[in-house]
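For reference, the structure discussed in these notes is given below.
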Amino acid sequence: MQPTTKSALSCLLFLVFFQVAGQSINSKTLLENIKFLSSDELKGRKTGSEGNTKARSFILEQFRTIKLEAHYPDYQQQFSFKNKRENKTYEDAINVVGFVAGSSSDHLIVITAHYDHIGIGRPDAAGDSIYNGADDNASGTAALIELAKYFKKNRPRHSMIFAALDGEEMGLQGAKALVKDFPFPLEQIVLNINMDMISRNEQGELYASGTYYNPRLKSILEEAASGAMPKLMFGHDEPNTGSDNWTQSSDHGPFFNANVPHIYFGVEDHPDYHKPSDSFDRIDEQFYVNAVNLILKCTLALDAKLPEE
C-alpha cells in the first residue's frame, strides 16, 4: 500500500463519513419518537382508544411534514372488524399509509409496522397497569417514520408504501384491511418488509425471518449485513415448527397469505413482552439505533437488487 498524505487521508475520512452519514437514520428523532409513542400519555395505544388516536395523530403529522404522497384521504385508511374475544365491533380502526414513487420501477416495496398495542390491563406487582408497548411496537413505528424520511430524501428505485397499521394486537386486522383494499394491484408488490419488536436483545441479534420461502433474498441480506451490528440472524420461518414459526405472528402474515414475499425484522420474545414493563427505559438505545440502520442498509440492498419487473 502506498503511503497516504495527510490531505489525502483527510479527504478519505470525509468520504467515509459522508457515505456513512448519507446512509443512516436520525438517531435523535428516532429515540424521541419511540419515547413519545410508548409514554404513559398514550396509555398503551389500544385500537379505538384516546391514546391510539393520539398516536395516529402524531404519525399523521410526521407523514404530512415528510410530504409523502397519499392514496387514502389524508393518509387514513379506515376499516372495521369484529373482535370475537370482546364480542365487539370496531368501526374506527385506521391505518396511516404514505407513498414514495420509485425512480425506475412502478413495482412496490411495502414497509409496515403496527402502532397499536393492548392498552390498559391487569396491574403488575408494582401497580403499573399501562402496557406501554415500547418494543411492541413503538420501536417499529418510530423506525417506519425514519425510513419514510430517508426514502423521501433519497428516492428509491422501487416505489414504496409506508404503512403504520392499526389492530395488529386483535388479529392482524390492519394488515388484512390493507391487503384487501390496496391502492395498486397486489401483483405489483415485490416485497413486504415488516418491523415488529426491534429495540432490544441481550444476545445482540436481530432476525430477518421469511427467507425460507424466499431464499433468493437471503444472499442479498447476508451481504448487506456482513460485519454489522446487531448480528442478522435467519430462521423462525420453517413450516410445522409450531410457535417457532413466525410466518403468521405479525402483519406480514396477510401479505404471505396473498403470495407476497416478506422479510420480517424482529427479536425473540423477552421477559417484558406484553407486560407493563415493556417501557422506554427497558429498550437498548444503542442496539435499537444500530438495528434500524441495519434495516435501512438491508432495504437499500433489496431495493437495488430486486428486479424492477
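Structure data summary
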quantity	calculated
Cβ-Cβ under 6 Å pairs, at least 6 apart or on other chains, region 213-224 side more than 14 Å from VAL190 (Cα to Cα), far side surrounded by 15 or more Cβ atoms within 10 Å (Cβ to Cβ) and among the small types (Gly, Ala, Ser)	ILE220/ALA301; LEU221/ALA208; ALA224/ALA301
Tally of residues being over 25 Å from HIS274 (Cβ atoms) and assigned to a loop (DSSP other than H, G, I, E, B) across region 162-210	5
Residue that is acidic (Asp, Glu), buried (at least 21 other Cβ atoms within 10 Å of the Cβ), closer than 17 Å to ALA291 by Cα and in contact (Cβ under 8 Å) with a residue 60 or more places away in the chain, where the choices are ASP196, ASP166	ASP196
Filter result (part of a loop (DSSP other than H, G, I, E, B) and surrounded by fewer than 20 Cβ atoms within 10 Å (Cβ to Cβ)) within region 216-248	SER226, GLY227, ALA228, MET229, PHE234, GLY235, GLU238, PRO239, ASN240, THR241, ASN245, GLN248
Members of region 57-89 that are farther than 24 Å from PHE36 by Cβ, touching a residue at least 60 places away in the same chain (Cβ under 8 Å) and part of a strand (DSSP E or B)	PHE79, PHE81, ASN83
GLU41 surrounded by fewer than 24 Cβ atoms within 10 Å (Cβ to Cβ) and part of a helix (DSSP H, G or I)	yes
Within region 111-124, considering residues that are part of a strand (DSSP E or B) and in contact with a helix residue (DSSP H, G or I) (Cβ under 7 Å, 6 or more places away or on another chain), the one farthest from ARG85 (Cα to Cα)	ILE111
Residues satisfying the stated conditions in region 127-153, i.e. in contact (Cβ under 8 Å) with a residue 60 or more places away in the chain and part of a loop (DSSP other than H, G, I, E, B)	ASP128, SER129, TYR131, ASN132, GLY133
Residue selected from region 249-258 under the condition within 16 Å of the chain's Cα centre (by Cα) and not in a helix (DSSP H, G or I), by the criterion farthest from VAL179 (Cα to Cα)	SER249
Test: residue in region 82-92 that is of a type in the set (S, T, N, Q), surrounded by 21 or more Cβ atoms within 10 Å (Cβ to Cβ) and either at pLDDT 95 or above or closer than 30 Å to PRO307 by Cβ (or both)	no
Residues of region 284-300 classified as touching an Asp or Glu at 6+ places or on another chain (Cβ under 7 Å) and more than 17 Å from VAL267 (Cβ to Cβ), total	0
SER24, sole failed condition from (1) farther than 22 Å from GLY98 by Cα; (2) at pLDDT below 95; (3) surrounded by 14 or more Cβ atoms within 10 Å (Cβ to Cβ)	(1)
Flag if ASN257 is closer than 19 Å to ILE161 by Cα and in contact with a helix residue (DSSP H, G or I) (Cβ under 9 Å, 6 or more places away or on another chain)	yes
So PHE58, is it out of contact with any helix residue (DSSP H, G or I) (no Cβ under 6 Å at 6 or more places or on another chain), modelled with pLDDT of 95 or more and surrounded by 15 or more Cβ atoms within 10 Å (Cβ to Cβ)	yes
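The values are calculated or read from the model by the stated rules, or taken from the named source; none is laboratory data. The shown structure was predicted, so the numbers you read here are calculated from the model rather than taken from an experiment. Positions of Cβ are backbone-derived with ideal geometry, glycine not excepted, and every protein chain shown enters the neighbour counts.
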